[in-house]
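Some notes on the structure that comes next.
The values are calculated or read from the model by the stated rules, or taken from the named source; none is laboratory data. Note that the coordinates shown come from a computational prediction; the quantities given were computed from them, not determined experimentally. Cβ placement follows ideal geometry from the backbone for every residue including glycine, while neighbour counts extend to all protein chains displayed. The protein model used for the area step is the full one, side chains on, heavy atoms only, and it has no ligands, DNA or RNA in it. Shrake-Rupley method; radii C 1.70, N 1.55, O 1.52, S 1.80 Å.
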Amino acid sequence: MDENGNYEIYMTPDDFVRSLRPNAMQPENLGLDKFLKYNPKKDPLPSSTDNKDDDTIFSLLGRHGLISFSDYIFLLTVLSTPRRNFEIAFKMFDIDGDGEIQRSEFDLVGSIILAQSAVGMRHRDRKVTGNVLSSRVNSALSTYFFGQDGNKKLTISQFLKFHGQLQRGLLKIEFDQQSPENGYISRMSFAKLLLVYGGFDEMKRRKFYKRLNAHDEEFPQYADKGITFKEYESYFDLLLSLDDLDTALSLYNAAGVSLSRERFKHVVKIVTDQAMGDHLVDIIFALFDADNDGELSYKEFVQVMKQRQFRGLEKPKDTGVTRLLNALWICTKSTITSGSDS
């Protein structure tokens, strides 16, 4: 809020993660549509956002890591779009083939995405969020990508690095929200993070948790072993290769070959070129070995992991993802036509 009482609503990175998680609760000290007011020229930074040790992408974006509504829509789009799609989009818009795009091109595409997004249209002129369809969208993100003067250019490698930093930042927040002790979260906390975007009702989720508890009672050798952030992060690396994993597991299934723990570890090693720890494999089988026969129920496992990969945002209609490529193609054709006319 400024001296004249004008304000814009922002969210913290923790708010952003809560907005993605089904049934996540608002902090107890805040009610619905109630906010902490902050004047950057007069007020000290709210303690929840003042973390000098924060090395996530949110702190690098400026504005103390706070996220505007326009930034929020753009970040949803990034999270729900495979990296490969962005590579294609950049190549389509990169007319001169130098691997770079300018700020004006980025802002134009961003405006089109936001204007055609179902979420953006619902909030286009609301008092709470402000007018999100203004000519300059994603100001914090644009400054991060193109500098204060807007003269820098953005390469696909820089954007993909941002994509990876965004994912890692969210993983770190998710991990920290589980209240780790001495750098470890419990097996049950890890299981909840795997299942949170699965779309299950409470009864179904309890069945998964019951399986894990029963398994740990029967096989206590891993029961007290926690999960580090590095292990949690490495598990997400597996999700980045989920399509390849799905193909490999389906081939085994079609051939009538049982998916034992050792075979699953072998497939993971082939797909990711990294070995998965035995205790992580143990949790996966405890959750997704439905009949307790030592074999992975791979279809349910892959279905849940696909939801986990995009945090339940795989449907593009909510974020305008499919319109991203269409917008780029339209703008590309317009640029080509303008160039030929001149």
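If the Cβ limit is 6 Å and pairs must be 6+ apart or interchain, which residue in the range 187-216 that is closer than 25 Å to GLU233 by Cβ pairs with which residue that is open to solvent by 60 Å² or more (accessible area, probe 1.4 Å)?
From the range 187-216, the pairs are VAL196/ARG21.
State which residue is most open to solvent (accessible area, probe 1.4 Å) when the search covers only the range 245-271 and only residues that are within 14 Å of PHE301 (Cα to Cα) and charged (D, E, K, R).
My answer is ARG261.
Only one of (1) closer than 30 Å to ASP237 by Cα; (2) of a type in the set (A, V, I, L, M, F, W, C); (3) modelled with pLDDT of 60 or more is not met by LEU108, so which one is it?
It is condition (1) that LEU108 fails.
Could you give me the residue pairs with C-beta distances under 8 Å whose first residue belongs to the range 70-88 and is in contact (Cβ under 8 Å) with a residue 12 or more places away in the chain and over 14 Å from GLY164 (Cα atoms), whose second residue is of a type in the set (Phe, Trp, Tyr) and open to solvent by less than 10 Å² (accessible area, probe 1.4 Å) wherever it lies, and which are 6+ apart or on separate chains?
Within 8 Å, the pairs are TYR72/PHE16.
So if I check each of LEU313, LEU328, which one is at pLDDT below 85, buried (at least 19 other Cβ atoms within 10 Å of the Cβ) and over 19 Å from GLU105 (Cβ atoms)?
Checking each option against the conditions leaves just LEU313.
Does ASP94 count as open to solvent by less than 50 Å² (accessible area, probe 1.4 Å), modelled with pLDDT of 65 or more, among the acidic types (Asp, Glu) and farther than 29 Å from PHE200 by Cβ?
Taking the combined requirement at face value, the residue satisfies it.
Which ones in the range 278-290 are assigned to a loop (DSSP other than H, G, I, E, B) and open to solvent by 30 Å² or more (accessible area, probe 1.4 Å)?
Once the filter is applied, which keeps residues that are assigned to a loop (DSSP other than H, G, I, E, B) and open to solvent by 30 Å² or more (accessible area, probe 1.4 Å), the range 278-290 yields only ALA290.
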